[in-house]
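Nothing in this text is a laboratory measurement; each read-out follows from the coordinates by a stated rule. The structure displayed is predicted, hence computed values, not measured ones. So basically every Cβ, Gly included, is an ideal-geometry build from the backbone, and we count neighbours across all protein chains shown.
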Amino acid sequence: MEKNKINLSASDASNLVKDAQTLLAKKLTGNSRRQFLRMGLTLGGVAMLSGCDIDDNPDVESVLNRMSRFNDRIQGWLFSGYRMAPEYTLADITRPFPFNAFYGEEDIPSIHEENYQLQITGKVRDNRSWRLPELYKLAQHEQITRHICVEGWSAVGRWGGVRFSDFLHLIGADTRAKYVSFRCADEYYTSIDMASALHPQTLLALSWDGRILPPEYGYPMKLRIPTKLGYKNPKHIVSIEITDRFTGGYWEDQGYNWFGGS
């Protein structure tokens with residue numbers, strides 16, 4: 001479809017964001033909820049649904065970044081710690097489960113158990129590092145859930161590991177903190193909100209399909225969080241920080257939505 005040129009100023013688009021933020025601050029019930037949904041459609045469709053091209057506006061990147069941050073607030077508002085992602089059966093597992101990263105399989109980091117230590121920093125009572133045998137001894141939980149990639153594909157996998165909420169309580173994490181940040185051996189990084197970290201399906205995954213987590217799926221540790229898109233599921237985790245400081249993420253800093261809810 002050929003795009004039409006329109007004269008949409010940055011201030012016009014900015015006012016859309018401000019109006020929607022005003023609605024968000026209200027109790028979104030009845031007419032205000034319907035009005036909010038209409039506004040959300042406007043925010044999401046200024047360019048896409050109208051077929052209009054606003055790329056010529058020098059301030060459009062700033063406006064779109066504000067829209068993305070607004071979308072993060074909306075997703076956080078809609079998120080519920082009691083709403084579970086669907087779980088599946090052994091027969092539903094995708095085989096072979098796909099490999100996906102920002103590099104090829106030949107560049108998967110090589111990590112040896114004897115050298116691995118999980119670093120803990122930030123707002124915690126116990127910031128000692130953890131070795132894999134210690135993590136394997138903690139209570140393990142399994143889930144068969146769907147990994148949803150922002151690229152448009154999905155796959156069902158069987159993941160096992162430590163419930164992240166249990167681990168946060170074990171290390172005395174301040175659960176009033178805003179964010180949990182992850183750094184990885186492959187230089188990937190991301191962060192999530194504390195509510196998502198405490199969700200009962202969020203795992204520090206140490207196994208896949210009943211065996212030690214293979215390198216292609218994130219050995220020695222992957223965050224498995226089925227309520228979010230795949231890029232919010234970092235692999236090869238080497239450090240976890242509990243913080244009030246917003247640390248962004250590898251893809252998020254390049255324009256992906258930060259909340260990343262699925």
Two pseudo-spin positions, 7 Å from Cα along C-beta at residue 149 and at residue 89, lie apart in nanometres by 2.7 nm
In what order do 259, 99, 164 fall by count of nearby beta-carbon atoms within 10 Å, going from fewest to most?
-> 99, 259, 164
Taking only the alpha-carbon atoms of the stretch 182-249, the convex hull volume per residue, in cubic angstrom, is 85 Å³
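Based on other C-beta atoms within 10 Å, arrange 202, 145 from fewest to most.
145, 202
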Rank 182, 236, 115 by how far each Cα sits towards the positive end of the charge dipole of the stretch 90-254 (+1 on Lys, Arg Cβ; -1 on Asp, Glu Cβ) and give me just the farthest.
-> 182
For each of 174, 126, count neighbouring Cβ atoms within 10 Å of the residue's Cβ, then give the residues from fewest to most.
-> 126, 174
